[in-house]
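The values are calculated or read from the model by the stated rules, or taken from the named source; none is laboratory data. Everything quoted here is computed from the prediction, not taken from an experiment. Glycine gets a Cβ as well: all are built from the backbone with ideal geometry, and neighbour counts include every protein chain shown. Accessible surface is based on the protein model in full, side chains and every heavy atom, while ligands, DNA and RNA are left aside. Shrake-Rupley method; radii C 1.70, N 1.55, O 1.52, S 1.80 Å.
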Amino acid sequence: MTDILRVAVIGAGRMGADHIKRLSTRIHGAEVAAVVDVDLARAQAAIAGIDGAVALASADEALNNGDVNAVLIATPGFLHEEILYKALEKDFPILCEKPLTPDAESAWKVVQAETATGHKRIQVGFMRRFDAEYAALGSVIRDRELGELLMLHHQHRNPDTPQGFTNEMLINDSVVHEFDAIRFFTGEEITSVQVRLGKATRNARTASTIPSTS
Ligand SMILES: NC(=O)c1ccc[n+]([C@@H]2O[C@H](COP(=O)([O-])OP(=O)(O)OC[C@H]3O[C@@H](n4cnc5c(N)ncnc54)[C@H](O)[C@@H]3O)[C@@H](O)[C@H]2O)c1
């Protein structure tokens, strides 16, 4: 492998576009080699101005493109699993946007497949661990600067959500950051979770996102 990561970004939506911009303007040692989106026009728009990058409509094409040696997965969570297995087969380093997969069982299988390769290949997009203030708070907790940790209080506010954002996505796509942060701060596993739903506001986007109360 060369020193430079030639990254195939799979999914050029909100998050993919963000990663593409970062990779091509701010990250050293990594470049965008390919952008894949089922919406090829979106992939083409995403590579505008990026020398040496190609736009493709399938992840397979990108993984088999000799110019690619790393993968960034930014498709919706339920599509991650299949691409993860293919990228692991290639033994590429992978940055997979959270959630790794939408459920624990399939995520565990992916972890086992990674373990079978004999080395760490997947990083999940839990970026808060790299946020300077989170890191500083982590040190305060670990070094017991203020004594023993008694309780953590996290709040996650989504000022707005995209069309079609469901209650399940609230857990799998948003609160999942808190699940990671709790493990990061405490070094412990979460053993019990309760979800309580309040009434939806009249400003909620669609009736289909409000769960049945029966
Ligand atoms: N780390 C964070 O804070 C953060 C924030 C937002 C989203 N995310 C994660 O990023 C991922 C993408 O979210 P998003 O908001 O960018 O979604 P999005 O819907 O904006 O973008 C997804 C893109 O994937 C494309 N796509 C769909 N199926 C595909 C396929 N089979 N092959 C290739 N491309 C395909 C779509 O056309 C779309 O352009 C999700 O896993 C989400 O949870 C992470």
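Quick notes on this one:
- Selection within region 166-182: residues that are open to solvent by less than 40 Å² (accessible area, probe 1.4 Å) and of a type in the set (A, V, I, L, M). The member of this set that is farthest from the ligand (Cβ to nearest atom) is ALA181.
- Residue match in region 76-89 (condition: farther than 17 Å from MET15 by Cα, more than 19 Å from the chain's Cα centre (by Cα) and not β-branched (Val, Ile, Thr)): yes
- If you check ARG157, ARG129 for being open to solvent by 40 Å² or more (accessible area, probe 1.4 Å), more than 16 Å from PRO76 (Cα to Cα), modelled with pLDDT under 95 and touching a Phe, Trp or Tyr at 6+ places or on another chain (Cβ under 6 Å), only one passes: ARG129.
- Of all the numbered requirements in (1) closer than 24 Å to ILE20 by Cα; (2) not in a helix (DSSP H, G or I), LEU88 misses one, and that requirement is (2).
- Every residue from region 58-77 that is open to solvent by 50 Å² or more (accessible area, probe 1.4 Å) and either in contact (Cβ under 8 Å) with a residue 40 or more places away in the chain or near the ligand (Cβ under 9 Å from one of its atoms) (or both): ASP67, PRO76
- Unmet requirement for GLY138, which otherwise passes all of (1) at pLDDT 95 or above; (2) open to solvent by 90 Å² or more (accessible area, probe 1.4 Å); (3) more than 21 Å from GLY77 (Cβ to Cβ): (2)
- Residue in region 9-28 that is in contact (Cβ under 8 Å) with a residue 60 or more places away in the chain, within 13 Å of the ligand (Cβ to nearest atom) and closer than 23 Å to HIS119 by Cα present: yes
- Being open to solvent by 70 Å² or more (accessible area, probe 1.4 Å), part of a strand (DSSP E or B) and closer than 30 Å to ASP39 by Cα is a description that does not apply to GLN163.
- Residue satisfying all of: in region 22-43; in a helix (DSSP H, G or I) and more than 16 Å from the chain's Cα centre (by Cα); farthest from LEU5 (Cα to Cα) among these: ALA41
- In region 101-124, the residues that are at pLDDT below 95 and surrounded by 16 or more Cβ atoms within 10 Å (Cβ to Cβ): THR101, PRO102
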